[in-house]
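**Q** For reference, the structure I am asking about is given below.
The values are calculated or read from the model by the stated rules, or taken from the named source; none is laboratory data. Keep in mind that what you see is a predicted model, and the values were worked out from it rather than measured. Note that we place each Cβ from the backbone using ideal geometry, even for glycine, and neighbour counts take in every protein chain shown.
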Amino acid sequence: MIRLDDRWEIHDMVEAIVATLPPALRRIPRPVVAIANACGFEVHPIAGVSPGFQGIYVGVRPWILVRAADPVHVQRLTIIHELAHGWGLKLEWEVNAFAEALLMPRDAVAAIVRAWAPAPPWTVAEWARQERARRRLTQLARRFGVGRHAMFSALANYGWVTGVAPGTARLAGDALFEQYLHVWRATP
């Protein structure tokens with residue numbers, strides 16, 4: 001089992017893994033099924049499971065099962081999340097940081113947001129205004145093949161959202177994205 005103390009250590013590990021992949025697998029958005037296959041895992045979408053099920057790593061065979069009814073961006077995140085479990089990461093913050101690093105590499109995100117004028121970091125309210133005016137969050141989410149929730153969490157973790165300590169946002173179910181949505185809905 002891999003034990004890591006710091007989310008940036010996970011990002012460094014992911015960058016080292018990505019550097020070993022063939023160039024076609026390094027592109028963004030990441031071809032997650034091809035990456036899983038290259039790492040010896042089979043990905044199988046399954047139908048007829050409850051909405052609460054998103055995915056599971058089956059260790060007897062290196063299989064990753066994902067809920068076929070989920071949106072593609074959710075399946076992509078689930079595949080990489082379960083791949084991290086398959087490689088021995090156990091703690092949820094570790095596997096989420098792994099998925100974040102693989103799908104939304106901090107340097108690639110930084111290269112895009114630094115080019116904007118005015119450049120972030122922005123408050124949650126300013127991110128909402130930028131989404132209304134320029135669809136910034138949606139553009140980033142599409143570029144990286146993830147949902148807006150995961151993208152906003154990564155932005156916060158990378159220090160692009162003021163008032164949020166880097167590395168503290170969760171990829172799912174956190175109050176930060178709910179706060180963003182509340183402000184976004186109230187923004188004309």
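**Q** When the range 102-141 is examined, which residues are found to be closer than 25 Å to L77 by Cα and small (G, A, S)?
**A** Answer for the range 102-141, where residues must be closer than 25 Å to L77 by Cα and small (G, A, S): A108, A110, A111, A128, A141.
**Q** How about the range 154-181: which of its residues are surrounded by fewer than 18 Cβ atoms within 10 Å (Cβ to Cβ), modelled with pLDDT of 90 or more and either out of contact with any strand residue (DSSP E or B) (no Cβ under 9 Å at 6 or more places or on another chain) or basic (K, R) (or both)?
**A** Residue satisfying the conditions is G159 alone.
**Q** Anything in the range 95-137 that is of a type in the set (G, A, S), surrounded by 21 or more Cβ atoms within 10 Å (Cβ to Cβ) and within 19 Å of H11 (Cα to Cα)? List them, or say none.
**A** Of everything in the range 95-137, those that are of a type in the set (G, A, S), surrounded by 21 or more Cβ atoms within 10 Å (Cβ to Cβ) and within 19 Å of H11 (Cα to Cα) turn out to be A97, A99, A101.
**Q** Please indicate, with yes or no, whether at least one residue in the range 80-89 is under 18 Å from the mean Cα position of the chain (by Cα) and aromatic (F, W, Y).
**A** Yes, there is a match, as at least one residue in the range 80-89 is under 18 Å from the mean Cα position of the chain (by Cα) and aromatic (F, W, Y).
**Q** Another question, if that's okay. Just one of (1) of a type outside the set (G, A, S); (2) more than 22 Å from A16 (Cα to Cα); (3) in contact (Cβ under 8 Å) with a residue 60 or more places away in the chain; (4) crowded, with 19+ Cβ neighbours inside 10 Å trips up T187, so point out which.
**A** Failed condition: (4).
**Q** Residues in the range 128-148: is at least one part of a helix (DSSP H, G or I) and touching a strand residue (DSSP E or B) at 6+ places or on another chain (Cβ under 6 Å)?
**A** no
**Q** Residues in the range 15-37: is at least one at pLDDT below 95, of a type in the set (D, E), surrounded by 16 or more Cβ atoms within 10 Å (Cβ to Cβ) and out of contact with any strand residue (DSSP E or B) (no Cβ under 6 Å at 6 or more places or on another chain)?
**A** no
**Q** So, one more: Conditions first: (1) modelled with pLDDT of 95 or more; (2) surrounded by fewer than 21 Cβ atoms within 10 Å (Cβ to Cβ); (3) farther than 23 Å from L176 by Cα. V60 passes all but one, so which condition is the exception?
**A** (1)
**Q** Can you name the residue in the range 143-153 that is in contact with a helix residue (DSSP H, G or I) (Cβ under 6 Å, 6 or more places away or on another chain) and farther than 11 Å from L77 by Cβ and, of all such residues, is surrounded by the most Cβ atoms within 10 Å (Cβ to Cβ)?
**A** F152
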